[in-house]
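Have a look at the structure below, then the notes.
Quick note: the coordinates plus some simple rules give every number you see, no bench work behind them. Note that the coordinates shown come from a computational prediction; the quantities given were computed from them, not determined experimentally. Cβ coordinates were reconstructed from backbone atoms using ideal geometry, including for glycine residues, and neighbour counts include every protein chain displayed.
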Amino acid sequence: MAKAKKDGPRRKDGVWDPLKDNKADKQAAEGQPKTPQTLSASYRLAYADEDFLCREETRPIRLQLELMKAEMMLAEAGIKSTVVLFGGARIPAPGQNAWAARNETQKKNLEAASVYYEEAQKFAALCGKHSAGFNHQEYVVVTGGGPGVMEAGNRGAAEAGAPSIGLNIMLPHEQAPNRFVTPELSFNFHYFAIRKMHFMMRAKAVAVFPGGFGTLDEMFEALTLIQTKRMERIPLILFAEKFWRGLINFEALAEFGTIAPEDLNLISFVETAEQAWKIIADFYEL
């Protein structure tokens with residue numbers, strides 16, 4: 001009887017695994033003779049059959065895959081904690097036109113808001129600078145990976161020589177990865193729910209800049225998780241106090257009784273990157 005080789009099949013983590021590699025079987029199946037049987041959809045290996053994986057019945061599998069892929073790759077990259085930047089895709093960099101403006105009022109508002117593109121860029125650079133002290137494993141900037149404030153966040157981190165994460169999502173417009181996201185940390189999602197989980201899973205702080213429905217959705221998701229103690233309390237920082245107070249009357253919620261008065265303390269308002277980083281540094285005693 002032939003003896004097993006001492007240096008036989010092992011996984012990347014060094015664990016002995018005598019079972020045949022699934023990639024090898026996939027390659028072998030692709031090289032099989034083309035016959036009516038092998039060309040039938042029923043004969044495809046299930047894990048290599050995109051049509052099967054995209055069926056309505058396999059949605060739970062796709063949800064799991066979206067959760068697992070980014071989680072595994074971030075773990076392999078050594079990312080231990082993040083600072084999340086939320087904000088509008090339509091806010092331009094200083095000196096650029098507001099591409100999404102429909103009229104002069106919107107153009108004026110969006111271009112005036114470019115100051116927050118600058119602050120997001122500065123804030124991300126501060127995060128990147130301090131992340132270097134943790135071998136770029138802690139306080140890693142993560143954005144939605146798109147344009148506007150998201151671009152500013154990834155840009156600031158890149159300018160500080162730090163990696164940054166982009167959690168993109170398939171949308172009919174706007175959302176394509178900006179060029180400042182670290183390519184190996186650029187992810188694409190189909191499910192908003194799984195994407196939002198990834199934003200929160202490593203978050204040590206959340207910074208929210210002016211934005212639209214998507215930004216509001218992300219902000220309230222984070223705020224609700226903290227309020228209900230479904231996650232640890234972390235700094236939740238809103239840039240542009242005038243914008244947010246003009247949009248949401250937080251005190252009215254407390255006065256009416258739909259939130260507790262102490263819930264107002266979960267939010268901090270700032271205007272500058274330095275103010276925001278000081279809140280994080282004080283919170284974690286850095």
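Within the listed set Glu66, Glu274, Glu57, the Gaussian network model of the chain (springs between alpha-carbon atoms below 10 Å) gives the highest mean-square fluctuation for Glu57.
Computed from backbone phi with θ = phi - 60° and the Karplus coefficients 6.51, -1.76 and 1.60, the 3J(HN,Hα) list for the range 11-20 is 6, 4, 7, x, 7, 5, 9, x, 6, 5 Hz; x is used for glycine and proline.
If I stretch the segment between Lys69 and Arg245 completely, what's the gain in nm (0.36 nm per residue apart, minus their alpha carbon distance), one decimal? Kindly include the intermediate steps, with their values, before the conclusion.
Details: separation 176, 0.36 × 176 = 63.36 nm, distance 3.80 nm.
Using 0.36 nm per residue and subtracting the Cα-Cα distance, I get 59.6 nm.
Which trypsin sites (Lys or Arg not before Pro) in the range 71-146 sit in a loop by DSSP (not H, G, I, E or B) and have at most 12 other Cβ atoms within 10 Å of their own Cβ?
Details: sites: Lys80, Arg90, Arg102, Lys107, Lys108, Lys122, Lys129; in loops: Lys80, Arg90, Arg102.
When the trypsin sites (Lys or Arg not before Pro) of the range 71-146 are filtered for loop state and at most 12 Cβ neighbours within 10 Å, Arg102 remain.
The HN-Hα couplings worked out from phi for the range 127-135 by the Karplus form 6.51 cos²θ - 1.76 cosθ + 1.60 (θ = phi - 60°) are 4, x, 4, 6, 4, 4, x, 10, 6 Hz, whole numbers, x standing for Gly and Pro. Label sites at Ala93 and Met231, each approximated as a point 7 angstrom past Cα along Cα to Cβ, lie 2.9 nm apart.
Residue by residue, the range 164-171 carries 3J(HN,Hα) couplings of 8, 9, x, 9, 7, 8, 6, 10 Hz when phi is fed to the Karplus relation 6.51 cos²θ - 1.76 cosθ + 1.60 (θ = phi - 60°); x denotes Gly or Pro. Extending 7 Å from the Cα toward the beta-carbon at both Thr258 and Lys26 defines two label points whose distance is 4.8 nm.
Take the residue pairs Lys80/Lys229; Lys23/Lys80; Lys69/Lys204; Lys196/Lys229 and return only those whose Cα atoms are more than 23 Å apart. Present the calculation step by step, with values, prior to reporting the outcome.
Details: Lys80/Lys229 21 Å; Lys23/Lys80 30 Å; Lys69/Lys204 21 Å; Lys196/Lys229 17 Å.
Beyond 23 Å: Lys23/Lys80.
For the range 194-265 versus the range 15-35, the spacing of their alpha-carbon centroids is 48 Å. Counted over all Cα-Cα pairs of the range 139-259, pairs farther apart than 16 Å make up 64 percent. Straight-line cross-link partners of Lys12 among the aspartates and glutamates, defined as a Cα under 13 Å from its Cα and at least 8 positions apart when in the same chain: Asp21, Glu76.
Can you work out the FRET efficiency for the pair Tyr191 and Thr35, with r the C-beta to C-beta distance and R0 = 51 Å, to the nearest 0.05? Please report the intermediate quantities before stating the final value.
Working: r = 38 Å, r/R0 = 0.74.
Here the calculated transfer efficiency is 0.85.
Longest stretch of the chain clear of exposed loop sites (chymotrypsin sites (Phe, Trp or Tyr not before Pro), DSSP loop, at most 16 other Cβ atoms within 10 Å, sites excluded): 1-98.
Computed over the range 81-155, relative contact order equals 45 percent, with contacts defined as Cα pairs under 8 Å that lie 6+ residues apart. Under the criterion of Cα pairs below 8 Å and six or more residues apart, the relative contact order for the range 144-286 equals 17 percent. Translational diffusion of the chain was estimated from the Stokes-Einstein equation, with Rh taken as the Kirkwood radius over Cα pairs; at 37 °C and 0.692 mPa s the coefficient is 154 µm²/s. Rank Pro177, Pro60, Pro235 by mean-square fluctuation in a GNM of the chain with C-alpha springs under 10 angstrom and give only the top-ranked residue. Judging by the Gaussian network model, the answer is Pro60. Taken along the Cα-to-beta-carbon direction at a fixed 7 Å, the label points for Leu216 and Asp17 span 4.6 nm.
In the chain, Cα pairs under 8 Å separated by at least six residues give a relative contact order of 16 percent.
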